[in-house]
Protein chains: 2
Amino acid sequence: MTALEQLTQKQKRIHSLESIAGLLGWDQQTLLPEESSDQRQDQIATMASAIHEARTDSEIGGLLSKLESQTPAPDTKNPADDVGIILRDARTDYDRCTKLPAAWVEQHARLCSEAYHAWAEARKNNDFASYAPYIQRHLDLAKEEAEHLGWGDRPYDLMIDFHDPGVDAATIDSLFSELKTGLAPVLKQILDSPTKARTDIFKGFPVAEQKTFLEEVTASLGFNYKRGRIDISLHPFCSGNGADTRMTTRFDVDNPLDSLFSSIHETGHGMYEQGLPLDSLHNALGKAAGMGAHESQSRLWENQVCRSKAFWKHYEPKFRSAFPTQLEGISSDDLYLAINAVSRNPIRVDSDEVTYNLHIIIRFEIEKKLFAEELQVSELPDYWNAQYKELLGIEPKDDAEGVLQDVHWSGGSFGYFPSYCLGNMLAAQLWYSAADQLPSLEEDLAKGEFENLLNWLRENVHQHGARYHLLELSQKATGQALSPKSLIRYLKDRYLPLYA
Amino acid sequence: MTALEQLTQKQKRIHSLESIAGLLGWDQQTLLPEESSDQRQDQIATMASAIHEARTDSEIGGLLSKLESQTPAPDTKNPADDVGIILRDARTDYDRCTKLPAAWVEQHARLCSEAYHAWAEARKNNDFASYAPYIQRHLDLAKEEAEHLGWGDRPYDLMIDFHDPGVDAATIDSLFSELKTGLAPVLKQILDSPTKARTDIFKGFPVAEQKTFLEEVTASLGFNYKRGRIDISLHPFCSGNGADTRMTTRFDVDNPLDSLFSSIHETGHGMYEQGLPLDSLHNALGKAAGMGAHESQSRLWENQVCRSKAFWKHYEPKFRSAFPTQLEGISSDDLYLAINAVSRNPIRVDSDEVTYNLHIIIRFEIEKKLFAEELQVSELPDYWNAQYKELLGIEPKDDAEGVLQDVHWSGGSFGYFPSYCLGNMLAAQLWYSAADQLPSLEEDLAKGEFENLLNWLRENVHQHGARYHLLELSQKATGQALSPKSLIRYLKDRYLPLYA
């Protein structure tokens, strides 16, 4: 076997182990009997240690060195060919796994577990002070991590790089400040408008019919149910990979739009996975380009496509025939407005696609200042509340509704939030590029036909795997650098006519 | 850490890996999307190799030698204490894993896969000759296996020992010939009786209501749904372990008794698993005593308990209230007779609990003769048909309905069939012992109360794990050696009054 074949064999084994661990996690959140989690914790720990062992296998290091030093040397900085792409990713993964001392890994794992419980308690008791030391310890560990990985002077950039390789805080800063400025007048007009969406008009939608309807919608979008499923979990998510994609939703008889749009969102993630090259799931050619790219796919289908007038032109009659009595007194205008409701909401996960971006910008500013030591952890609640007042015009009633709402920091997941908003930007940019190149797009949607759009995304985004990082992907797929301009344009196009 | 603690750690890891592999198998048969089996095959192979590596870890060999040679030496032949029990089982497992050369393991794995496909094809095409060479190769490999494991002169005994440790062909021979003699007049009376059960009287039982009913029944028997589930698969099975027990059933709107009794059968397996000591699932103290013991539990609940008059005294009204219209024209007598239908059926898995034993006896005789070279593989179809004619009075219409009906031999699973019948014997024996010691048993059943019986089984069977092998367990739990007498007595008690 050549060195590359040997490396491939090892990568396949790592991928296989990771996919098994993924199934354990999926099962835990969908089906696991309530008292069986003790065994599941053991199983997850067993797989984690097997994966760690496989990823840090010193033979991988030897193979990488051998492959990197061959003549001509592959360019892994700006790789031009498949092998260069594969090696760049494999090297990053190997170094990140092997350069962290066991003591750090152990401390981090323990802290994650302790901080999660501290966060859950603090949120329950509205007691930020009890949770603050855990955030601080995570910050300290993140900085140590950056030291170990050779990013000592740029710890927050490393955190961002974990989620969106090739993106840094300065880039995000510039994108977000343009977005913030552009969003302000749009949001003002919407919130000042006498038009108010009502989302409390939906009552008594039976779960079985909701399930049938959303399966029909998501299958017609292009989710391949022969290689995937949708089940029920507390929070919707998409796991697995393109070979076996497991997404989830949740049902509320009085909120059918929640499960419908959640499942469409997860379908966007799922179709990205299903569009990655199936024979390369074990290396960078078959991996997603990052969190932002992933989010661009879920958002594009959820928002640009499925909240559009054209989409509902086709689906409103079907929705009404699935729920004839429940929708009886609800006009088409009210339905469409409910689908595109915008409101001031202190909770990120309950917010709409206009205000969502502001929730993210606030979190990014906070993380940036924390890492720059311009903000102390103890100052977080006051800073959070002031920002919400300024940007969203709301004051959380307490910290549980404010700074304590997100789980992310308890797991040391800094640099994760920005991806959501970067995804929104890319989604809008892809949307207008696709529309330019697919003259029948609007018409397709109005006929319930999504194949052209999906094929366009397959060709311009999915097939590339992690060949291009987010910023390169934007350039490659849309011909333009990533920017908030399309997002602002889209939000104006969609929302200003509604909230005139 | 002591040597025993180190061994325990390794056994826990093996158990964890095996339980993960078990979940992959369960998911494959219940939920896996139809085109995702390619990845699942990879995952299963990954886990198989991880398990093999863990079980053949040479450190286990070192630890076992160390523990076996300590002073005083533990008696692992007839162990009196927990450590002896654990070591006996661990030694057997380690030797069986390590003594087989890699070439044998590889050949066996390849043959299993090829023979499975050959069997499926042969059954489809009613073409025994094309499958015969695979059975022969499995026989040859089984004999080689016996050589490697030091059972060279007793290969069939080894096959039996894999399923029921401590049992050998001579013992089974003697038990089965007594059973065959005792069964003949019972079966004759039933089949000669003018009373004929009708099983085609059940029509249009909705699946949702069937599911609700069987979940109520199985929960009331004592299956712990907080540590278990029931889902749907093509063939019912019970997998997982007491920490997370996954059983399955199947539904047919025109055959509600099939899913009900299948799920009760699997509940018997599940409750045995759930009754094993939860803190010892990784060693012999928390493992089942063998296949026969396992089958005794499923059969006891399915047959002795749930086909009884007393059981239906309580459940008939509930069954009727779940399916009022479907059961309208069906009398109590007809219902009870259908539950206890006996007929000549060429197919083992479709047969009743009376004739089932004869199906097994035929297979045991064949296996015994194959290993003794008193029968050639090519002679199997004729021998099979002659035996069916003699013992059951039926002639299979072709080999697909005859010698090709079972998958077992394609996997080299010789010595497996007898366990079913040994389980029937033990079930009946346990039943009469429990009845002797629980004077209110009949009354309990008639009230839908099963706790006393389950507790009796917990105490007399489940809690012992694999401490006692089948024959010892029979002695310990019932005060008597394993014998067909109770089974014959039970079949007479149950069936002769019905088919007078």
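Projecting the alpha carbon convex hull of the stretch A:193-310 along each direction and taking the average yields 8.6 nm².
Taking a straight Cα-Cα cut-off under 12 Å and skipping sequence neighbours fewer than 8 places away in the same chain, the aspartates and glutamates within cross-link reach of A:Lys203 are A:Asp252, A:Asp254, A:Glu328. For the stretch A:3-98, the share of alpha carbon pairs falling in successive 10 Å distance bins from zero is 15, 39, 24, 15, 7, 1 percent. A Förster radius of 35 Å, combined with the Cβ-Cβ distance separating A:Glu459 from A:Met1, puts the computed FRET efficiency at roughly 0.55. Positive contributions from Lys and Arg (+1) and negative ones from Asp and Glu (-1), summed over other residues with Cβ under 11 Å from the Cβ of A:His235, come out at 0. Each of A:Ser19, B:Ser486, A:Leu375 was scored by the projection of its Cα onto the charge dipole of the protein assembly as shown, and the greatest displacement toward the positive side belongs to B:Ser486; charges sit on the C-beta of Lys, Arg, Asp and Glu.
Radius of gyration over Kirkwood radius for chain A, both on Cα atoms: the Rg/Rh ratio is 0.95. When both the stretch B:256-297 and the stretch B:194-214 are represented by their alpha-carbon centers, they are found 26 Å apart. Across the identical copies, the 7 Å label point of A:Glu59, projected outward along Cα→Cβ, sits 1.9 nm from its counterparts, in ascending order.
Listing A:Glu18, A:Glu295, A:Glu353 from fewest to most neighbouring C-beta atoms within 10 Å gives A:Glu18, A:Glu353, A:Glu295. Among beta bridges identified by DSSP and lying wholly in the stretch A:141-287, the antiparallel ones come to about 45 percent. Towards the positive end of the charge dipole of chain A, with charges on Cβ (+1 Lys, Arg; -1 Asp, Glu), say which of A:Tyr94, A:Trp431, A:Ile190 has the farthest Cα. The Cα lying farthest towards the positive end belongs to A:Trp431.
Among the listed pairs A:Lys99/B:Lys287; A:Lys77/B:Lys10; A:Lys196/A:Lys447; B:Lys226/B:Lys318, those whose Cα-Cα separation exceeds 31 Å are A:Lys99/B:Lys287; A:Lys77/B:Lys10. Across the copies of the chain, A:Glu316 has label points (7 Å from Cα along Cα→Cβ) spaced 6.0 nm apart, shortest distance listed first.
For the pair B:Thr181 and A:Thr92, label points projected 7 Å from Cα toward Cβ lie 7.8 nm apart. Relative to the longest principal axis of the Cα atoms of chain A, the long axis of helix A:309-322 makes an angle of roughly 70 degrees. Derived from the Cα gyration tensor, the three semi-axes of the equivalent ellipsoid of the protein assembly as shown are 58, 35, 28 Å, largest first. Looking only at the stretch A:287-319, which residues have a backbone nitrogen under 13 Å from a spot 7 Å from the Cα of A:Glu68 in the C-beta direction? Under 13 Å, as judged by backbone N against the label point of A:Glu68, lies no residue of the stretch A:287-319. Projecting 7 Å from Cα along the Cα-to-Cβ direction, the label point of B:Asp95 sits 5.3 nm from its equivalents in the other copies, listed shortest first. Each pair of Cα atoms in the stretch B:344-429 enters the Kirkwood radius, and Stokes-Einstein at 20 °C and 1.002 mPa s then converts it into a translational diffusion coefficient of 161 µm²/s. The DSSP beta bridges internal to chain A are antiparallel in roughly 45% of cases. Summing Cβ point charges (Lys, Arg +1; Asp, Glu -1) relative to the Cα centre of the protein assembly as shown gives a dipole of roughly 860 debye.
Extension gain for A:Glu147-A:Glu374 works out to 79.7 nm (0.36 nm per residue, less the C-alpha to C-alpha distance).
The antiparallel fraction among DSSP beta bridges confined to the protein assembly as shown stands at about 45%. By other beta-carbon atoms within 10 Å, ranking A:Thr2, A:Thr325 with the fewest at the front produces A:Thr325, A:Thr2.
Loop sites here are trypsin sites (Lys or Arg not before Pro) outside DSSP states H, G, I, E and B with no more than 16 other Cβ atoms within 10 Å. The longest part of chain B free of them is B:100-195. From helices alone, chain A scores -19500 deg cm²/dmol at 222 nm; the rule is -39500 (n - 2.57) for each run of n ≥ 4 DSSP H residues, then divide by the residue total.
For the stretch A:26-130, GluC sites (Glu not before Pro) are listed when DSSP marks them as loop and at most 15 other Cβ atoms sit within 10 Å of their Cβ; the list is A:Glu34, A:Glu35. Could you calculate the FRET efficiency of B:Asp168 with A:Leu191 from 1/(1 + (r/R0)^6), where r is the beta carbon distance between them and R0 is 60 Å, rounded to 0.05? Once the sixth-power term is evaluated, E becomes 0.10.
Fewest neighbouring Cβ atoms within 10 Å first, the residues B:Ile51, A:Ile135 line up as B:Ile51, A:Ile135.
We did not get these values from a lab; they are worked out from the coordinates using the rules stated. Predicted, not measured: the structure shown is a model, and the values here were computed from it. With ideal geometry, Cβ positions are generated from the backbone for all residues, glycine too; neighbour counts draw on all protein chains shown.
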